[in-house]
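These notes concern the structure reproduced below.
The values are calculated or read from the model by the stated rules, or taken from the named source; none is laboratory data. These numbers were taken from a predicted model, which means no experiment stands behind them. Every residue, glycine among them, receives a Cβ derived from its backbone with ideal geometry; neighbour counts consider all protein chains shown. Keep in mind that these areas ignore ligands, DNA and RNA; they rest on the heavy atoms of the full protein, side chains included. Shrake-Rupley method; radii C 1.70, N 1.55, O 1.52, S 1.80 Å.
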Amino acid sequence: MNKIKYYFASMLFLFGAMAIAQEEEESKEEREPGHYNQSRFKQMYEEFATPNTYRSASGAPGPDYYQQRADYDMNIELDDKNAKIYGEETITYFNNSPDNLEFLWVQLDQNVRSKDSKSPLRNGNGVNIAYTTGNFANTYVTEPFDGGFNIEYVKDANGRPLSYTINQTMMRLNIPQPLKSGEQISFSIKWWYNINDHVNGRGRSGYEYFPKDGNRAYVIAQFFPRMAVYSDVEGWQNHQFWGSGEFALPFGNYNVSITVPADHILDATGVLQNRKEVFSKEMMKRYETAKKTYDKPVIIVTQQEAEAAEKGFSEKKKTWKFKATNVRDYGFATSRKFIWDMQAVKIGNKDVMAVSLYPKEGNPLWEEQSTKAVAQTLETYSKHTFDYPYHKAISVHAKNQGMEYPMICWNYGRPNEDGTYSDRTKYGMISVIIHEVGHNFFPMIVNSDERQWGWMDEGLDTFMQYLTEQEFGKKYPTVIAPNDAYPSRRGAPSKMVPYMSGDQSHISPIMSNPENVYQLGPNAYGKPATALNILRETVMGKELFDHAFKTYAQRWKFKHPTPEDFFRTMEDASAVDLDWYWRGWFYTTDYVDIGVKGVKKYYVTNKPTKEMEKYMADRNLTEADLPPLVYLAEEDSEDFSPELKGKSPTETSQNLREFMMDNMTEAERAKVKEPKYFYEITFDKPGGIPMPLIVEYTYADGSKENITYPAEIWRKNDAEVKRVVSSQKELVGIVVDPKLETADIDTANNSWPIKEEKSDFDKFKENIKG
Ligand SMILES: [Zn+2]
């Protein structure tokens, strides 16, 4: 390239879009150091684990992917009078890993409630502004509750005692020889513990006591010693259960017998094996009807029957037997207070039962809404992921609860004592049911590590919850929100603004352990759900997003994915580079704030501008050294002269006129629409997260034009970018993110001209006039 052409090339870049940019020339400038800041768009090689033969770079399981398996054979007995639970279990553990294991880790989650638990000692907060009475009593007045495991024995397959060591909520089995790769081992544990009151003591499991009739309703989970996960990512996932970070569990098959008072109604994870023994003839008949009823729930145990049972306190026992295949956990609910309803839902070519269990205290709300919400969840989630693979999904009413297990979950939403309820109670209840039933997909089937990554199940589930709520709202229109939309608490971008713009010292990145975050709700639920919503609606588009999201669910169902498996699959299946998005939304506490900073108006001229004259003088160039050029003169500069105004470019630029004569036919020239107005618009980005620049331009005739510049517009300048708009019509207004799609925390800088916020006094005056 000769010298003059080199100058010319540099100059073209200098003038950017205003000149006739040539992309191949531009690439040279990009290499100059310090010219641009690409760190927000840097690929995530440093943050992401290196792909390997267990986990592929595509985000799919690799050729050597393995997972462990744990089968359970359990006999459980509930002592309702004394609120104790007893269990004997045999665990068969399959070592599918390539490693020989010198010891095994078993989780004893109930030890978080043992008298000497360190969990309450880990908080350093001082005096609260106020205490609930129950909380105050538990903290300062009553004896600490002893709800830890009492381990009676641990035995090997031959009945010989097996040595073990308990470290808080983890138990190490000191097996005599290493469990070799490909081998399996069986051992038995006998245990019991005191069941806690989950309403007053808080907890994901326990009983609620009803003083009026003297009954308890139990929702029981984390109740048996459970195998920890051993994987290619963590080795043993044996982080203690402190209380916030939930669970990591391997899949397996369960064979469970649960003995309870004979007048209890019980449901649990798994297929009931002895229905005829535990159901009355009337219940069997109703059950057969329910299996063929797709449009509404069929009552299996009526409120009248439940109210009669409440008075019984039978001394007899009944054993309910279940088998569950390929589940990661086990839970059950039992009480003589339970009303029971169910209906069939078609999922793919299979029937699934949507089921609800609730005491009379849940009615009339529960019989009206619960099973309907379960059915909607199975339909919407299946559409976006995979067909729900289990035969039932149960929603159990338990005060203040919102907790999930395979096929069964506990949900809040209690009407007032007279049976009336607010919209808040009703929609809160429907939402929690959708959320907890939805957890069957994430993490019960797409089995992520909850102890390490709260957002992988909570965030994905809350995102899917939003889609399901909106579909539920369409099917059963509400009357409380605009356009009858379902009043979703989380999902809309604007709802995340208060959190993301809040005190930075109390915000953690989404990619944090749940024990270490300040505000778990927005951190693990709201923000990731919003991030996925924006990704779907604004960044990727529904079609690309939905395909990629479904690909992730299908690749990892009944497996153990990591965050990288999710991030990589979303890119792999869509051809959208999202590293910048994961970095901004998931790895930082940055927020979105994009605005319009200034607008300059230009007209076409043939006369070199002052800047161009200086450029030529500096390089000893004359116009004769350069090819024919066109210049844009800014209205508020010395380059401007009034006669340029209102003219078309060919009238004010002889060079352009000649170019068109030389290169275009008369017919082509006749069709040309010449822009009369040129604007250079400066957009700025006070927020850290780069986002698509969504702009609505309004012209003098009232017409609007919407342009979305991809987020990559910020790749070379993180603070400020410029766009040139040419038009035949005068530009009168600019709005950034007009539909509030991006969670922009400050919309005061989103408009040009700046919208004057009316003072209260002005509004007051208007009201008087009106
Ligand atoms: Zn959840």
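Observations, loosely collected:
- The C-alpha atoms of the chain define a longest principal axis, and helix 654-663 lies at about 70 degrees to it.
- Extension gain from ASN253 to ARG489, taking 0.36 nm per residue of separation minus the Cα-Cα distance: 81.3 nm
- Amide H within-cut-off set for ALA83, under 5 Å, with H built and near neighbours excluded: none
- Label-to-label distance, nm, for residues given as ASP418 and THR142 (7 Å Cα→Cβ offset): 3.1
- Neighbourhood charge, 9 Å Cβ-Cβ cut-off, centred on PRO297 and excluding it, Lys, Arg +1 and Asp, Glu -1: 0
- Judged by the gyration tensor of its Cα atoms, with axes a ≥ b ≥ c, the stretch 453-588 is oblate; a/c meets the 1.5 cut and b/c is at least as large as a/b.
- Residue by residue, the stretch 335-347 carries 3J(HN,Hα) couplings of 5, 7, 8, 6, 8, 9, 9, 7, 8, 8, 10, 7, 10 Hz when phi is fed to the Karplus relation 6.51 cos²θ - 1.76 cosθ + 1.60 (θ = phi - 60°); x denotes Gly or Pro.
- Accessible area of the stretch 489-551 divided out per residue, in Å², using a probe of 1.4 angstrom: 41
- The order of the peptides 144-153, 287-296, 362-371, 415-424 by mean Cβ neighbours within 10 Å, most packed first, is 362-371, 144-153, 287-296, 415-424.
- Residues ASP701 and LYS607, FRET efficiency given R0 of 30 Å [Cβ-Cβ distance, rounded to 0.05]: 0.45
- Placing pseudo-labels 7 Å out from each Cα toward the beta carbon at MET660 and LEU121 gives an inter-label distance of 8.4 nm.
- Taking a point 7 Å out from the Cα of SER244 in the direction of its Cβ, the residues of the stretch 176-218 whose backbone N falls within less than 17 Å of it are 203-204.
- Cα long-axis angle, helix 423-438 against the chain (0 to 90 degrees, to the nearest 10): 80
- With Cα atoms, 0 to 90° folded angle of helix 365-384 axis to the chain main axis: 50
- Computed accessible area, GLU730, all protein chains, 1.4 angstrom probe, square angstrom: 70
- Members of LYS647/LYS704; LYS155/LYS276; LYS399/LYS475; LYS610/LYS722; LYS614/LYS716 lying beyond 29 Å, as alpha-carbon distances in this model show: LYS155/LYS276
- Of the solvent-accessible surface of the chain, computed with a 1.4 Å probe and all protein chains present, 49% belongs to carbon and sulfur.
- Length added when fully stretched, TYR294-LYS671, from 0.36 nm per residue minus Cα-Cα: 129.5 nm
- Local charge for ALA743 was computed over the other residues whose Cβ lies under 13 Å away, with Lys and Arg +1 and Asp and Glu -1, and equals -3.
- Expected 222 nm ellipticity per residue - DSSP helices of 4 or more, -39500 (n - 2.57), all of the chain, to 500: -7000 deg cm²/dmol
- Separation in nanometres of the label points that stand 7 Å from Cα toward Cβ, at ALA308 and PHE103: 5.6
- Between LYS559 and ASN447, the built amide H atoms are under 5 Å apart, and every one of these is 5 or more places off in sequence or on another chain.
- Residues of the stretch 268-325: accessible area per residue with a 1.4 Å probe, Å²: 63
- Spatial separation of Cα centroids for the stretch 577-597 and the stretch 49-67, in angstrom: 28
- Coupling constants for the stretch 712-729 follow from the phi torsions by the Karplus curve (6.51 cos²θ - 1.76 cosθ + 1.60, θ = phi - 60°), and in residue order they are 4, 4, 8, 6, 9, 9, 6, 9, 7, 10, 10, 10, 9, 10, 10, 7, 7, 10 Hz; glycine and proline get x.
- Rounded if a/c under 1.5, otherwise prolate or oblate - the chain, Cα gyration tensor axes: prolate
- Take the stretch 591-769 with all the other protein chains still there, run a 1.4 Å probe, and you get 58 Å² of accessible area per residue.
- Annotation: amide H of THR169 within the under-5 Å range of PHE241, sequence separation 5 or more or interchain, hydrogens built in the peptide plane.
- Contour excess over end-to-end distance, with Cα ends at LYS285 and LYS317 and 0.36 nm allotted per residue: 9.2 nm
- The chain: relative contact order as a whole-number percent, Cα under 8 Å and 6+ apart: 11
- The stretch 611-738 shape via C-alpha gyration tensor axes, a/c threshold 1.5: oblate
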